[in-house]
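Visitor: The structure under discussion is supplied below as structure tokens; questions concerning it will follow.
The values are calculated or read from the model by the stated rules, or taken from the named source; none is laboratory data. Computed from a prediction, not measured in an experiment: that's the story for all the values here. Because the Cβ atoms are built from the backbone with ideal geometry, glycine has one as well, and the counts that use them run over all protein chains shown. Quick note on the areas: whole protein, heavy atoms, side chains included, nothing else; ligands and nucleic acids left out. Shrake-Rupley method; radii C 1.70, N 1.55, O 1.52, S 1.80 Å.
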Amino acid sequence: MNRRLWLPALGAILFAIPASSCGPDFPFAVFVLPHGPGGNYLAYAQGNLGILQPGYRTRSLVIAFNYITHHPLAPVQQQQAVAVDHQFLDSWQANEAAKQSAPPSGFHTWISTRATVGPIDGYMPNADLEVNRSTTGDSYEDFTNCLDNAFATAAHNLSALSRSYGPHDLSVIEWTRGQDAVFSNCGDGKPRQFFGPGQPPPPPLPPHLPALLPASTPLWLQQDRAYQIAAARFYALDFNAAITGFRAIAVDQASPWSVVSRYLIARSLIRQSTVADTHRSDANGTPAERAAAKSGFLSTLTQAQKELLAMRANPRMDSMQNDIDNLLDYVDLRLQPDAQAVVLAQRLQNPETRNFGQSLIDLTWLRTNQSDPEKPAPPHGPEDDAAGMIAWIDDINNLDQTPTSFDGHHLPHTDADVAQATADILRHWQTTHSTVWLVAALMSAHPADAATPDLIRAAAAVPPSDPAYVTVTYHRLRLLPRDSATRDQLLAVLPTIKQHENTSTLNQFIALDSASAPSLDAWLATTGRIPASESSFMDQGEDVIPASTTDVCGTKITPGTTKLFDADAANAFNRDMPLRLLAASAESSALPENLRYQVAQAALVRAILLDQPSVARSMTPLLVHCRPAWAPLLAAYNDSTTANDRKLNGLLALMRFASTEPSVRYGEERRNAFATYDEYRQNWWCTTVPQPYGTVDDIPQYNSYRKPPQTPLAKPLFLTTVDTSEAATEVAALERIPSASQYFATQALSWWKLHPTDPHTPDLLGEANRVLRNSCRTELPYDSKTNKETGDPKDPNLTTNLAHALFDALHKDYPQSTWTKQYKSWE
Amino acid sequence: MLWAWESPEDLTTLDPTKTGVAFLSRELLIGRTVQVRPRRQPLRLATNTWLMAVVRIETAPDFLPTTDTIAETASDIAALAQQPGVRAIQVDFDATTSQRNFYAAVLKRLRTQLPSGIPLSITALVGWCGDDSWLRRLPIDEAVPMFFRMGGPAAIRAIRPKDASLAREPLCSGSVGIATDETWPAIHNHQRVYVFLPGSWTQQDLAHVNALGYHGLRGDSLR
């Protein structure tokens, strides 16, 4: 009878795939993926590296290092690399959905196979059988106690027994009874629906062991029973007793479980170090208890290491060498991380390595910075280590200052880290002149650095067939002066880039094109870019959340195909370009339609705010074509014959539609499209001109110890000093205009005082009231240290006071107005 | 209250007299059946830390609100109260409009299964906390409006400061959810503050929390 050895396998070291955070999580556009190549990961694993980023994860940088040092991945390694990337990135939902189309799991195979034997002692397991268990002690952590291949192997063995003896043979039934007992220890034993109101929870069930059998039992069943008992103890977390049981079986060379039981001694020790509170370094308890547990953890793992090394040297254990080596890796990761990092690096460079995927996972575990006391500090590769891989990955990651927090404040590395890494990289490059260190040196270089000319020369010598070519070429062009010669070189490579590279890489080359564009039209053609991803996690950037929206004019925005403004373009429109160029941009066919309308609206609003009626008039056809509802409002404005009329009609036009705003948006367009209120009050504007993207306002109440990143984006080359000076004057004037609610309310109240009998005045007051109720509020500042609001509560610009004033004006002077009837309370 | 999410957390230096911990205990994925994903990461706490167990609910594409999924969801959540030291339960579910009836049914059933003395909290989208809120019908003790992740980078700049007056529903007014990497709305003395930090809490973060002057951070003022 051919039975598979039933073996509770360790499985891969599983990382916690980040759970979704709390929060609504609206999608936003990511133009350059900071942490991984995204998209077609197989292409990346085949050597299409694109532009490497400092923030790339370990598993992606390993691949890059291999290709650049001419150690390409074997096809099976490429597949493993893709699988590992998916394992880390795929959501729980995606994994669950994939399971539904996958072959039946070992668990479900056991349930269905077990059903062929029928109920035993009135018991029949079903899909509710618990496989997870809590770690011991005061713990809030569960683990998968019974892994899927344990069920698969049990199902295989039961099938084999049933074929040999029949499913209702008494021995088979007894074997199955024992196996039921084993698996009943998989869970804590707490029923899911545990109690009703007012009742105490039941105590956890004691371990359930298969019964001892009489000596008259067939030998095979006695041998299986001994194994089942030891396994039950293992799953019941009684590791000392499990080890005793496995040792006894291991010395019984007649038992078919002898070899695997020897192996399971080490497994039991390792399991004990991860789930038993007396042996874990991260258990709860007093400091003395935790210190004792940490000591227990280390000595248990050391014992496991001894056992495994002894097994490795024992020819009897030859059939389990792979499993033994896997466990030794697990132990060595924790006991001797620096040495193990080098072992892993060497394996990862070897095209014969069969467990390439597991080695990627292990190296990632070593390098990941988590606040896990069990985890040793990330290793630093020795200067002369054969692979050099660790040092290279360390240095590249230390260049990374991509914010990992939503507000852009939290940086993974300080300026000192970057400076240290840069110096280290330059030293490696000057010593080796290897392409792999050239890549790192280029990534860390600035145009004015002394070494830059040397790097540029070396970069020019890298041929297009080299896997590093795209990264090297991008940085060479980035470091060259922004002149026509550089632009010619850029335009020469762009067609190839567009044809072969992914969106994230292409967007970076387009940004170079944008920065060197010699004219407005040439620049406009580069400003709309397709996002590389739509994400809800700034620090993941790879999730794609389909969202079908429309822009202000009803043009469909389709993720993955619709162009949006990246930060450099939005900054330029909002802060660097005078109004006349904004208007010219809106009239240019070089912009895609959805972006033209954004620009046209921004130009119109600014024109009215800055009292430039000719620009407003030029934008009118675009806006009316976009939304005919603008027509009467803009007609009234354009037909105004006096400054007062223009003022009045301008205010009424701007207040009519909630989507009206004086700037263009970086990334996603307005969620609610035209005129519809946003429930989070993103209506009209809170600030007329956004701060430059790439710099972030400080959040004094919490993050004062974190430095905001300063990465100012270059202004477009074609802008003259006259242009930028004009823009600066206009922006200064716009920045003096407060939030829409405050602006319109104060303007309406001023108008009312001067023109109380104007028939439009109640409309002005009413519309201002509507804006106030649905837009940004001006509140008193809040001091987190004293827990109090500061400032003068009588400040007339506070929203609450403006609301009072508008309400009083309407009710006092215009009691019959429909606005007065509509607004029965002041707020 | 600090939200301790799915990362290894060492909160042993947090001052338990001032700040409690709302830890992610499990996730439920609701399709035609309910899949449970328990917490897989260690959580280390100072002695006597006031604990709230949080369950995050996600729905699968084949989500089906049936009496079975309602019952199973409620009992899976109720089981959290069994964990050592847990004093309250919080449910984190960004229910869509069409899922609200399901959510309400789960909470009603859950309320009957929880022991008396275990408060029931939920997180809330800020938009749920306006006038005539659907939350008013729910048998909950608080709804925590989450003033973060309310839009991309453009939105952060558009709303400054965050508008606390959006949360007019009384169930929402007693607490506020904030994130360490975004701006905060005005926070009032009587409010319980829940703080989210992306990633694991560092010792520096915890020292800063210990130094904050907020009242009501400890959970036992929930009832």
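Visitor: Is there any pair linking a residue in region A:213-229 that is farther than 14 Å from residue A:246 by Cα to one that is crowded, with 16+ Cβ neighbours inside 10 Å and charged (D, E, K, R), with Cβ under 7 Å and at least six apart or on different chains, and which?
Guide: These pairs meet every condition: A:213/A:225; A:221/A:174.
Visitor: Next up: For the condition away from every other protein chain (no Cβ under 14 Å), open to solvent by 10 Å² or more (accessible area, probe 1.4 Å), part of a loop (DSSP other than H, G, I, E, B) and modelled with pLDDT under 70, what is the one hit in A:5, A:14?
Guide: Values: A:14 fails: away from every other protein chain (no Cβ under 14 Å).
Step by step, each of A:5, A:14 is checked, and only A:5 is away from every other protein chain (no Cβ under 14 Å), open to solvent by 10 Å² or more (accessible area, probe 1.4 Å), part of a loop (DSSP other than H, G, I, E, B) and modelled with pLDDT under 70.
Visitor: Taking the conditions exactly as written (in a helix (DSSP H, G or I), of a type outside the set (Asp, Glu) and surrounded by 18 or more Cβ atoms within 10 Å (Cβ to Cβ)), does residue B:95 satisfy them or not?
Guide: Considered against the rule, which asks whether it is in a helix (DSSP H, G or I), of a type outside the set (Asp, Glu) and surrounded by 18 or more Cβ atoms within 10 Å (Cβ to Cβ), residue B:95 comes out as no.
Visitor: While we're here: Restricting region A:256-275 to residues that are among the polar types (S, T, N, Q) and open to solvent by less than 10 Å² (accessible area, probe 1.4 Å), which is farthest from the chain's Cα centre (by Cα)?
Guide: Within region A:256-275, the subset among the polar types (S, T, N, Q) is A:258, A:261, A:268, A:272-274.
This time we only want the ones that are open to solvent by less than 10 Å² (accessible area, probe 1.4 Å), so: A:258, A:261, A:268, A:273.
Numbers: A:258: 46, A:261: 42, A:268: 36, A:273: 31 Å.
It comes out as A:258.
Visitor: Taking residue B:79 and the conditions (1) touching a residue at least 24 places away in the same chain (Cβ under 8 Å); (2) among the aliphatic types (A, V, I, L, M); (3) within 10 Å of chain A (Cβ to nearest Cβ), which numbered condition does it fall short on, given that it satisfies the others?
Guide: Among (1) touching a residue at least 24 places away in the same chain (Cβ under 8 Å); (2) among the aliphatic types (A, V, I, L, M); (3) within 10 Å of chain A (Cβ to nearest Cβ), the lone unmet condition for residue B:79 is (1).
Yes or no, residue by residue, for (1) open to solvent by less than 10 Å² (accessible area, probe 1.4 Å); (2) at pLDDT below 90; (3) more than 22 Å from residue B:138 (Cα to Cα):
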{"site": "B:3", "(1), (2), (3)": "yes, no, yes"}
{"site": "B:28", "(1), (2), (3)": "yes, no, no"}
{"site": "B:41", "(1), (2), (3)": "no, yes, yes"}
{"site": "B:58", "(1), (2), (3)": "no, no, no"}
{"site": "B:63", "(1), (2), (3)": "no, no, no"}
{"site": "B:68", "(1), (2), (3)": "no, no, no"}
{"site": "B:76", "(1), (2), (3)": "yes, no, no"}
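Visitor: Also: Could you tell me how many of the residues in region A:568-582 are of a type outside the set (D, E, K, R), open to solvent by 10 Å² or more (accessible area, probe 1.4 Å) and out of contact with any Leu (no Cβ under 6 Å at 6 or more places or on another chain)? Give the derivation first.
Guide: Looking only at region A:568-582, we keep the residues that are of a type outside the set (D, E, K, R), and these are A:569-574, A:577-579, A:581-582.
Then drop every residue that is not open to solvent by 10 Å² or more (accessible area, probe 1.4 Å), which leaves A:571, A:581.
Subsequent filtering for residues that are out of contact with any Leu (no Cβ under 6 Å at 6 or more places or on another chain) retains A:581.
Summing the residues that are of a type outside the set (D, E, K, R), open to solvent by 10 Å² or more (accessible area, probe 1.4 Å) and out of contact with any Leu (no Cβ under 6 Å at 6 or more places or on another chain) in region A:568-582 gives 1.
Visitor: Tell me, which residue of region A:74-88 that is hydrophobic (A, V, I, L, M, F, W, C) and in contact with a Gly (Cβ under 8 Å, 6 or more places away or on another chain) is modelled with the highest pLDDT?
Guide: Taking the candidates together, the pick is A:81.
Visitor: Moving on. Output the number of residues of region B:13-25 satisfying the condition of being more than 8 Å from every other protein chain (Cβ to nearest Cβ) and either touching a residue at least 40 places away in the same chain (Cβ under 8 Å) or surrounded by fewer than 24 Cβ atoms within 10 Å (Cβ to Cβ) (or both).
Guide: Residues meeting the conditions: 9.
Visitor: In addition: Among the residues that make up region B:150-169, is at least one of them at pLDDT 80 or above and more than 8 Å from chain A (Cβ to nearest Cβ)?
Guide: Within region B:150-169, one or more residues are at pLDDT 80 or above and more than 8 Å from chain A (Cβ to nearest Cβ).
Visitor: Out of the residues in region B:100-133 that are more than 13 Å from every other protein chain (Cβ to nearest Cβ), open to solvent by 20 Å² or more (accessible area, probe 1.4 Å) and in contact (Cβ under 8 Å) with a residue 12 or more places away in the chain, which is farthest from residue A:682 (Cα to Cα)?
Guide: Step by step, filter region B:100-133, then rank; the result is B:108.
So that you can scan it fast, the table gives a plain yes or no per residue for (1) over 21 Å from residue A:612 (Cβ atoms); (2) of a type outside the set (A, V, I, L, M):
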site: A:722; (1), (2): no, no
site: A:728; (1), (2): no, no
site: A:733; (1), (2): no, no
site: A:737; (1), (2): no, no
site: A:743; (1), (2): no, yes
site: A:763; (1), (2): yes, yes
site: A:779; (1), (2): yes, yes
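Results for (1) within 14 Å of chain B (Cβ to nearest Cβ); (2) among the charged types (D, E, K, R), shown as yes or no for each residue.
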{"residue": "A:117", "(1), (2)": "no, no"}
{"residue": "A:133", "(1), (2)": "yes, yes"}
{"residue": "A:143", "(1), (2)": "yes, no"}
{"residue": "A:170", "(1), (2)": "no, no"}
{"residue": "A:173", "(1), (2)": "no, no"}
{"residue": "A:181", "(1), (2)": "no, no"}
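Visitor: Collect the residues in region A:312-321 that are within 14 Å of residue A:264 (Cα to Cα) and free of Cβ contacts under 8 Å to residues at least 12 places away in the same chain, keeping them in residue-number order.
Guide: A:321
Visitor: With A:789, A:779, A:735 as the choices, which residue is under 23 Å from residue A:663 (Cβ atoms), touching an Asp or Glu at 6+ places or on another chain (Cβ under 9 Å) and open to solvent by 60 Å² or more (accessible area, probe 1.4 Å)?
Guide: Working: A:789 fails: under 23 Å from residue A:663 (Cβ atoms); A:735 fails: touching an Asp or Glu at 6+ places or on another chain (Cβ under 9 Å).
Every option except A:779 fails the conditions.
Visitor: Which residues, taken from region A:592-619, are within 36 Å of the chain's Cα centre (by Cα), without any contact (Cβ under 8 Å) to a residue 40 or more places away in the chain and surrounded by 24 or more Cβ atoms within 10 Å (Cβ to Cβ)?
Guide: A:600, A:603, listed by residue number.
Visitor: Do you know which residues across region A:128-175 are part of a loop (DSSP other than H, G, I, E, B), acidic (Asp, Glu) and either in contact with a helix residue (DSSP H, G or I) (Cβ under 6 Å, 6 or more places away or on another chain) or open to solvent by less than 40 Å² (accessible area, probe 1.4 Å) (or both)? Please lay out each step first, then the result.
Guide: Applying the first criterion (part of a loop (DSSP other than H, G, I, E, B)) to region A:128-175 yields A:128-131, A:135-141, A:145-147, A:166-169.
Applying the additional criterion that residues be acidic (Asp, Glu) yields A:128, A:130, A:138, A:141, A:169.
Within region A:128-175, A:141 is the sole residue that qualifies.
Visitor: Here's a follow-up. Sort out which residues of region B:189-223 are facing another protein chain (nearest Cβ under 8 Å), crowded, with 17+ Cβ neighbours inside 10 Å and either touching an Asp or Glu at 6+ places or on another chain (Cβ under 7 Å) or at pLDDT 70 or above (or both), and write them in order of number.
Guide: Of everything in region B:189-223, those that are facing another protein chain (nearest Cβ under 8 Å), crowded, with 17+ Cβ neighbours inside 10 Å and either touching an Asp or Glu at 6+ places or on another chain (Cβ under 7 Å) or at pLDDT 70 or above (or both) turn out to be B:196, B:198, B:199, B:200, B:201.
Visitor: So, in region A:417-464, how many residues would count as being among the small types (Gly, Ala, Ser), open to solvent by 30 Å² or more (accessible area, probe 1.4 Å) and assigned to a helix (DSSP H, G or I)?
Guide: 3
Visitor: Could you identify the single residue in A:301, A:309 that is open to solvent by 10 Å² or more (accessible area, probe 1.4 Å) and under 17 Å from residue A:268 (Cα atoms)?
Guide: Exactly one residue qualifies, and that residue is A:309.
Visitor: Out of all the residues in region B:46-56, which are farther than 15 Å from residue B:92 by Cβ and buried (at least 22 other Cβ atoms within 10 Å of the Cβ)? Give the steps one after another, and end with the answer.
Guide: Taking region B:46-56 as the starting set, the residues that turn out to be farther than 15 Å from residue B:92 by Cβ are B:46-51.
B:49, B:50, B:51, listed by residue number.
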